[in-house]
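Following: one structure in C-alpha coordinates, then a few remarks.
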Amino acid sequence: MVTVALVCDSELIGLGTQEMLAHAEQLVLVETFTQVTALEGYLRHSPLDVVLLDDTLPYPEWLKAIPRLISAHPTLRIIVLAQRMDTAGIRGVIDQGAHGLIFKGEPLLREILIHGIRWVIQRDKVYLSSQVGLQFFEDRQAGPPVRLGRCEREVLHLLANGQTPQQIALQLGYGNAEPVYAACKRVRFKLEARTNAEAIHLALQRGLIWPSNA
(Lines give C-alpha, C1' and ligand atoms only; values in the text may rest on other atoms or scores of the structure.)
Protein backbone atom coordinates (compact mmCIF):
# COMPACT_ATOMS: atom_id res chain seq x y z
CA MET A 1 0.00 0.00 0.00
CA VAL A 2 1.36 3.41 -1.02
CA THR A 3 0.85 6.03 1.69
CA VAL A 4 0.20 9.58 0.50
CA ALA A 5 -0.13 12.93 2.26
CA LEU A 6 -1.38 16.22 0.84
CA VAL A 7 -0.11 19.65 1.90
CA CYS A 8 -2.29 22.52 0.68
CA ASP A 9 -3.88 25.74 1.89
CA SER A 10 -7.22 25.29 0.13
CA GLU A 11 -10.06 23.32 1.70
CA LEU A 12 -11.69 22.85 -1.71
CA ILE A 13 -8.54 21.35 -3.25
CA GLY A 14 -8.07 19.18 -0.18
CA LEU A 15 -11.56 17.73 -0.45
CA GLY A 16 -11.20 17.24 -4.20
CA THR A 17 -7.91 15.38 -3.81
CA GLN A 18 -9.38 13.15 -1.11
CA GLU A 19 -12.25 12.28 -3.43
CA MET A 20 -9.92 11.52 -6.36
CA LEU A 21 -7.82 9.11 -4.31
CA ALA A 22 -10.66 7.60 -2.27
CA HIS A 23 -11.09 4.46 -4.39
CA ALA A 24 -7.63 4.13 -5.95
CA GLU A 25 -6.22 0.63 -5.62
CA GLN A 26 -3.18 0.27 -3.38
CA LEU A 27 -3.13 4.02 -2.61
CA VAL A 28 -4.29 5.67 0.59
CA LEU A 29 -4.36 9.37 1.49
CA VAL A 30 -3.47 9.16 5.16
CA GLU A 31 -3.25 12.84 6.11
CA THR A 32 -3.90 16.37 4.83
CA PHE A 33 -1.86 19.28 6.19
CA THR A 34 -2.16 23.03 5.71
CA GLN A 35 1.49 23.75 6.59
CA VAL A 36 4.80 22.13 5.66
CA THR A 37 5.92 22.33 9.30
CA ALA A 38 2.98 20.12 10.31
CA LEU A 39 4.03 17.57 7.68
CA GLU A 40 7.60 17.64 8.98
CA GLY A 41 6.36 16.97 12.51
CA TYR A 42 4.30 14.01 11.28
CA LEU A 43 7.25 12.55 9.36
CA ARG A 44 9.37 12.43 12.51
CA HIS A 45 7.18 9.59 13.75
CA SER A 46 5.35 8.19 10.71
CA PRO A 47 7.00 7.52 7.33
CA LEU A 48 5.22 8.31 4.07
CA ASP A 49 5.79 7.21 0.49
CA VAL A 50 4.54 10.26 -1.42
CA VAL A 51 3.77 13.88 -0.55
CA LEU A 52 1.56 16.01 -2.79
CA LEU A 53 2.74 19.61 -2.37
CA ASP A 54 0.15 22.11 -3.60
CA ASP A 55 1.10 25.59 -4.81
CA THR A 56 -1.66 27.20 -2.74
CA LEU A 57 0.90 27.16 0.09
CA PRO A 58 2.85 30.38 0.71
CA TYR A 59 5.59 30.97 -1.85
CA PRO A 60 8.58 30.56 -1.74
CA GLU A 61 8.31 28.51 1.47
CA TRP A 62 6.83 25.43 -0.25
CA LEU A 63 9.51 25.51 -2.96
CA LYS A 64 12.34 25.79 -0.43
CA ALA A 65 10.84 22.91 1.58
CA ILE A 66 11.39 20.37 -1.21
CA PRO A 67 15.17 19.85 -0.80
CA ARG A 68 14.81 20.01 2.98
CA LEU A 69 12.20 17.24 3.01
CA ILE A 70 14.21 15.06 0.63
CA SER A 71 17.38 15.54 2.66
CA ALA A 72 15.64 14.48 5.87
CA HIS A 73 13.68 11.65 4.22
CA PRO A 74 15.61 10.25 1.22
CA THR A 75 12.97 7.68 0.27
CA LEU A 76 10.16 10.24 0.23
CA ARG A 77 8.75 11.16 -3.19
CA ILE A 78 7.37 14.67 -3.74
CA ILE A 79 4.90 15.66 -6.46
CA VAL A 80 4.05 19.34 -6.90
CA LEU A 81 0.48 20.25 -7.87
CA ALA A 82 0.46 23.61 -9.65
CA GLN A 83 -2.15 25.73 -11.35
CA ARG A 84 0.19 26.84 -14.12
CA MET A 85 3.80 27.93 -14.67
CA ASP A 86 6.17 28.59 -17.54
CA THR A 87 9.31 26.65 -18.42
CA ALA A 88 11.45 28.65 -15.98
CA GLY A 89 9.05 27.83 -13.14
CA ILE A 90 8.93 24.16 -14.14
CA ARG A 91 12.71 23.94 -14.19
CA GLY A 92 12.84 25.66 -10.81
CA VAL A 93 10.59 22.99 -9.28
CA ILE A 94 12.63 20.17 -10.82
CA ASP A 95 15.93 21.79 -9.79
CA GLN A 96 14.74 21.81 -6.18
CA GLY A 97 14.43 18.03 -6.39
CA ALA A 98 10.70 17.40 -6.94
CA HIS A 99 9.97 13.95 -8.35
CA GLY A 100 6.88 15.04 -10.26
CA LEU A 101 4.86 18.04 -11.44
CA ILE A 102 1.18 17.98 -12.35
CA PHE A 103 -0.94 20.89 -13.57
CA LYS A 104 -4.31 20.96 -11.81
CA GLY A 105 -6.06 21.93 -15.05
CA GLU A 106 -5.45 18.52 -16.63
CA PRO A 107 -8.66 17.17 -18.26
CA LEU A 108 -8.23 13.70 -16.69
CA LEU A 109 -6.72 14.88 -13.42
CA ARG A 110 -7.74 11.86 -11.31
CA GLU A 111 -6.18 9.34 -13.70
CA ILE A 112 -3.06 11.47 -14.16
CA LEU A 113 -2.65 11.97 -10.40
CA ILE A 114 -2.89 8.26 -9.67
CA HIS A 115 -0.56 7.42 -12.56
CA GLY A 116 1.94 10.06 -11.38
CA ILE A 117 2.00 8.68 -7.84
CA ARG A 118 2.66 5.16 -9.09
CA TRP A 119 5.26 6.44 -11.56
CA VAL A 120 7.44 8.17 -8.94
CA ILE A 121 7.28 5.10 -6.70
CA GLN A 122 8.21 2.61 -9.42
CA ARG A 123 10.65 4.60 -11.57
CA ASP A 124 13.72 6.72 -11.00
CA LYS A 125 12.51 9.43 -13.39
CA VAL A 126 10.69 12.73 -12.92
CA TYR A 127 6.99 12.59 -13.79
CA LEU A 128 5.60 15.52 -15.80
CA SER A 129 1.91 15.58 -16.69
CA SER A 130 0.83 16.09 -20.30
CA GLN A 131 -0.02 19.78 -19.83
CA VAL A 132 3.44 20.38 -18.39
CA GLY A 133 4.96 18.89 -21.54
CA LEU A 134 2.66 21.06 -23.66
CA GLN A 135 3.85 24.13 -21.76
CA PHE A 136 7.45 23.26 -22.67
CA PHE A 137 6.41 23.06 -26.34
CA GLU A 138 4.48 26.35 -26.26
CA ASP A 139 7.37 28.15 -24.59
CA ARG A 140 9.78 26.87 -27.24
CA GLN A 141 7.42 28.14 -29.94
CA ALA A 142 7.15 31.53 -28.23
CA GLY A 143 10.91 31.96 -27.86
CA PRO A 144 13.24 32.16 -24.85
CA PRO A 145 11.43 32.18 -21.46
CA VAL A 146 11.36 35.31 -19.36
CA ARG A 147 13.81 35.02 -16.48
CA LEU A 148 13.47 37.12 -13.36
CA GLY A 149 16.33 37.53 -10.91
CA ARG A 150 15.93 36.65 -7.25
CA CYS A 151 15.51 40.29 -6.22
CA GLU A 152 12.95 40.88 -8.98
CA ARG A 153 10.92 37.83 -7.91
CA GLU A 154 10.99 38.87 -4.25
CA VAL A 155 9.92 42.43 -5.03
CA LEU A 156 7.12 41.33 -7.35
CA HIS A 157 5.91 38.70 -4.89
CA LEU A 158 5.72 41.26 -2.08
CA LEU A 159 3.96 43.77 -4.35
CA ALA A 160 1.45 41.06 -5.28
CA ASN A 161 0.71 40.60 -1.59
CA GLY A 162 -0.09 44.26 -1.01
CA GLN A 163 3.14 45.74 0.29
CA THR A 164 4.27 49.22 -0.75
CA PRO A 165 7.74 49.89 -2.21
CA GLN A 166 8.74 51.52 1.07
CA GLN A 167 7.64 48.48 3.09
CA ILE A 168 9.45 46.16 0.68
CA ALA A 169 12.64 48.22 0.95
CA LEU A 170 12.49 47.96 4.74
CA GLN A 171 11.84 44.20 4.66
CA LEU A 172 14.67 43.53 2.19
CA GLY A 173 17.11 45.73 4.08
CA TYR A 174 17.50 48.54 1.56
CA GLY A 175 18.31 52.05 2.75
CA ASN A 176 15.58 53.50 0.53
CA ALA A 177 12.99 52.42 -2.03
CA GLU A 178 15.10 53.17 -5.12
CA PRO A 179 16.28 49.54 -5.59
CA VAL A 180 12.63 48.44 -5.40
CA TYR A 181 11.56 50.93 -8.07
CA ALA A 182 14.51 49.82 -10.24
CA ALA A 183 13.51 46.16 -9.87
CA CYS A 184 9.92 47.01 -10.84
CA LYS A 185 11.15 48.83 -13.92
CA ARG A 186 13.26 45.82 -15.00
CA VAL A 187 10.33 43.46 -14.45
CA ARG A 188 7.95 45.62 -16.50
CA PHE A 189 10.51 45.71 -19.31
CA LYS A 190 11.06 41.93 -19.27
CA LEU A 191 7.33 41.15 -19.20
CA GLU A 192 6.44 43.97 -21.61
CA ALA A 193 3.98 45.30 -19.03
CA ARG A 194 2.84 48.90 -18.77
CA THR A 195 2.10 48.86 -15.05
CA ASN A 196 3.15 46.93 -11.95
CA ALA A 197 -0.36 45.46 -11.73
CA GLU A 198 -0.08 44.11 -15.27
CA ALA A 199 3.39 42.72 -14.49
CA ILE A 200 2.01 40.93 -11.41
CA HIS A 201 -0.85 39.46 -13.46
CA LEU A 202 1.52 38.20 -16.17
CA ALA A 203 4.00 36.80 -13.64
CA LEU A 204 1.25 34.89 -11.81
CA GLN A 205 -0.13 33.62 -15.11
CA ARG A 206 3.29 32.33 -16.18
CA GLY A 207 4.18 30.83 -12.81
CA LEU A 208 7.07 33.24 -12.24
CA ILE A 209 5.65 34.05 -8.80
CA TRP A 210 2.96 32.44 -6.67
CA PRO A 211 0.25 34.01 -4.52
CA SER A 212 0.57 33.48 -0.78
CA ASN A 213 -2.93 32.02 -0.57
CA ALA A 214 -5.39 30.46 -2.98
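The values are calculated or read from the model by the stated rules, or taken from the named source; none is laboratory data. What you see is a predicted model, and the numbers here were worked out from it, not measured in a lab. Because the Cβ atoms are built from the backbone with ideal geometry, glycine has one as well, and the counts that use them run over all protein chains shown.
Overview of results
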{"item": "Check on Arg91, surrounded by fewer than 16 Cβ atoms within 10 Å (Cβ to Cβ) and more than 23 Å from Arg147 (Cβ to Cβ)", "result": "no"}
{"item": "Residue check, Gly105 outside any loop (DSSP other than H, G, I, E, B), at negative phi and modelled with pLDDT under 95", "result": "no"}
{"item": "Yes/no for Leu6 being at pLDDT 95 or above and on the phi < 0 side of the Ramachandran plot", "result": "yes"}
{"item": "Of all residues in segment 176-185 being over 24 Å from the mean Cα position of the chain (by Cα) and assigned to a helix (DSSP H, G or I), the one that is nearest to Val146 (Cα to Cα)", "result": "Lys185"}
{"item": "Within segment 1-68, strands (runs of 3 or more DSSP E) holding 1 or more residues that are over 19 Å from Gln83 (Cβ atoms) and over 17 Å from the mean Cα position of the chain (by Cα)", "result": "2-7, 27-33"}
{"item": "Some residue of segment 60-69 being surrounded by fewer than 17 Cβ atoms within 10 Å (Cβ to Cβ), of a type outside the set (D, E, K, R) and in contact with a Phe, Trp or Tyr (Cβ under 8 Å, 6 or more places away or on another chain)", "result": "yes"}
{"item": "First in segment 125-136 and at negative phi, second anywhere and surrounded by 13 or more Cβ atoms within 10 Å (Cβ to Cβ) and of a type in the set (S, T, N, Q), Cβ under 9 Å, 6 or more apart", "result": "Gln135/Thr87; Phe136/Thr87"}
{"item": "Unique match (being on the phi > 0 side of the Ramachandran plot and not hydroxyl-bearing (Ser, Thr, Tyr)) among Gln35, Gln122, Gln83, Gln26", "result": "Gln26"}
{"item": "Of all residues making up segment 14-35, the number that are of a type outside the set (D, E, K, R) and over 23 Å from Leu63 (Cβ atoms)", "result": "11"}
